[in-house]
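Only one structure is covered here, and it is reproduced in the block below.
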Amino acid sequence: MRGFTFLMLAAVAGIGFTASTPKAQAQVAVEIGTAPDCPYGYYDTNPYGCSPAGYYGPEWFNGEAFNGAGPWFHGASDYQGNVNNRLHPDHGYTGPMPQRGEKAEPSKRVDSAHFQGNEMRDGRGHVSEKR
C-alpha cells in the first residue's frame, strides 16, 4: 500500500508541475513610429532620410502627398514605381538633401515628362523588373 500511495503522490505532483508551468509565447512588437515628414519623399531604406526632388517618379505621389515607402508603405503588394537611383547616397549622390519638415518648392515638382527614372522599385525598397 505504501508503494501505491507514493506512486499516486508522485503522479499528482507531476501533474501539478506540468499544469503550473507557463508556456512561453513569442511576441515580436516592432515600433516604426511615424513616417518621416519630407517634402519629396524619403528613401525606402534605413535610416529613411529625406530624398531630393526627382528621386521618386510622379506615380509615388497623390497630389502633394507622398504615398510612402519602406515600413510605411501600405499600397498594393504588386505596386511598382520608378525611381532615379542616381539620387541615392548608396549610388554616390552627395548633392543637397532636404530636411525633415521642409516644405516642397513648386519649381522642383517633377512631372512625367521631365522625370529621369532608371530603376523600378516596389514600395518596400526592392528593385523589381521593368514592365
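Just so it is clear, none of the values below were taken in a lab; they were calculated from the coordinates. Here the structure is a predicted model, which is why all the values come from computation and not from measurement. A quick note on method: Cβ atoms are made from the backbone with ideal geometry, for glycine too, and the neighbour counts reach across all protein chains shown.
Brief remarks on what is shown
- Residue-count net charge about residue 52 - beta-carbon cut-off 12 Å; Lys, Arg +1, Asp, Glu -1: 0
- 3J(HN,Hα) couplings calculated from phi for region 89-106 with the Karplus curve 6.51 cos²θ - 1.76 cosθ + 1.60 (θ = phi - 60°) are, in sequence order, x, 5, 10, x, 5, 10, x, x, 10, x, 9, 4, x, 5, 9, 5, 8, x Hz; Gly and Pro show x.
- Centre-to-centre separation between the Cα atoms of region 47-93 and those of region 116-130: 9 Å.
- Relative contact order of region 58-128, pairs being alpha-carbon contacts under 8 Å that are 6 or more residues apart, as %: 46
- Stretching residue 80 away from residue 104 to a fully extended chain increases their span by 6.3 nm, per 0.36 nm per residue minus the current alpha-carbon distance.
- Amide hydrogen proximity for residue 128: with H placed 1.01 Å from N in the peptide plane, the residues at 5 or more positions away or on another chain lying under 5 Å are 120, 121, 122.
- Net charge over other residues, Cβ less than 15 angstrom from the Cβ of residue 98 (K, R count +1; D, E count -1): 0
- Charge dipole (Cα centre; +1 on Lys/Arg Cβ, -1 on Asp/Glu Cβ; no other charges) of region 58-128 amounts to roughly 180 debye.
- With the simple spin-label model, which puts each label point 7 Å out from Cα in the Cβ direction, the residue 128 to residue 90 separation comes to 1.7 nm.
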